[in-house]
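Working notes, beginning with the structure itself.
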Amino acid sequence: MTRYIFFYFITIFSVNSLASDLQINGKLEQGGLAYGWVPKDTSLSLGVTEIDISPEGYFIFGISRNSPSTLELKVTKNKIVSKKIINIKKRDWIIERINGLPSNTVSPDNKTLKRIRNEGALISQRRKISASSIYFKNGFILPSEGRVSGVFGSQRVLNGKPRSPHSGLDLAAPIGTKVIATADGIVSLVHKDMILTGKTVMIDHGFGLQSIYIHLNDIFVKEGELVKQGQLIAEIGVTGRTSGPHLHFGITWYGVKLDPQSVLKVLPIKDVIN
Ligand SMILES: [Zn+2]
């Protein structure tokens with residue numbers, strides 16, 4: 001009996017220390033990016049999603065626009081499982097009304113709809129695969145100059161019809177304005193003609209993080225190419241579903257769409273990892 005109580009005590013003690021060994025930083029809000037560390041040989045999962053951990057114990061995860069106010073991280077080490085509850089800040093989203101869009105992109109016919117679905121599937125498929133290198137050590141920078149003409153998360157009403165929330169940041173500037181890479185990474189998609197996104201580039205920054213640049217004019221990179229933060233990759237254009245020249249800039253963690261303005265506030269992590 002004494003032995004049993006002792007074992008029980010040790011287990012409880014271990015479970016508590018396991019969760020407290022976990023350090024989490026970043027922006028713990030809807031649309032935000034979290035990062036942190038765990039001791040060696042620890043595994044982590046968020047719901048059914050297994051989280052990648054670097055050899056040094058570093059990890060990141062994205063928080064969706066509609067995240068509940070608490071998330072539960074499952075922490076496993078030496079077969080001992082503990083849970084850590086993370087509080088997520090809720091945000092208010094604005095309603096944006098946009099008119100004057102080409103009608104075939106807002107209410108597409110069947111043929112166009114099929115293309116939109118296939119193109120969306122291609123983007124989703126590329127987002128599932130990500131490098132195991134941490135290319136984003138220097139943090140993220142704005143990919144273009146321009147006036148903020150649309151923010152992440154807003155509820156959109158296009159030509160009077162309610163549509164999905166806006167998934168990125170819009171920067172309005174004249175056609176030909178430079179677009180640069182937000183962080184180092186490998187170009188994961190170049191497409192010259194998508195119905196909704198027009199000329200499109202995606203960059204894989206590793207650990208599930210990817211950026212997307214859409215409605216482009218000219219594109220200066222190829223799939224598979226390594227790009228550096230600040231490198232010229234394209235020009236702002238007016239291709240795809242848009243009512244005027246602007247860059248739509250998005251950041252995702254696997255399939256989870258994140259708020260670029262929130263991710264940009266996550267400090268460079270080069271000083272805390274190797
Ligand atoms: Zn946009």
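Below, the figures for the structure above:
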| quantity | calculated |
| --- | --- |
| Residue check, Leu189 surrounded by 14 or more Cβ atoms within 10 Å (Cβ to Cβ), more than 16 Å from the ligand (Cβ to nearest atom) and either modelled with pLDDT under 95 or more than 18 Å from Leu33 (Cα to Cα) (or both) | yes |
| Residue tally, condition more than 16 Å from the chain's Cα centre (by Cα) and surrounded by fewer than 19 Cβ atoms within 10 Å (Cβ to Cβ), over region 43-52 | 5 |
| Selection from region 153-173 of residues that are within 9 Å of the ligand (Cβ to nearest atom) and either in a loop (DSSP other than H, G, I, E, B) or outside the structural domain of Val238 (by TED's automatic domain parsing) (or both) | His166, Ser167, Gly168 |
| Failed item, numbered, when Gly176 is tested on (1) within 16 Å of the ligand (Cβ to nearest atom); (2) in a loop (DSSP other than H, G, I, E, B) | (1) |
| Single residue of Thr239, Thr252 found to be buried (at least 18 other Cβ atoms within 10 Å of the Cβ), modelled with pLDDT of 95 or more and not in a strand (DSSP E or B) | Thr239 |
| Residues satisfying the stated conditions in region 239-261, i.e. of a type in the set (S, T, N, Q) and either within 12 Å of the ligand (Cβ to nearest atom) or closer than 15 Å to Val148 by Cβ (or both) | Thr242, Ser243, Gln261 |
| Exclusive hit being closer than 30 Å to Gly224 by Cα, touching a strand residue (DSSP E or B) at 6+ places or on another chain (Cβ under 8 Å) and either loosely packed, with under 15 Cβ neighbours inside 10 Å or not assigned by TED's automatic domain parsing to the domain that holds Ile212 (or both), set Glu72, Glu119, Glu145 | Glu145 |
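The values are calculated or read from the model by the stated rules, or taken from the named source; none is laboratory data. Quantities reported herein were computed from a predicted structural model and do not represent experimental measurements. Here the Cβ is made from the backbone with ideal geometry for all residues, glycine too, and neighbour counts use every protein chain on show.
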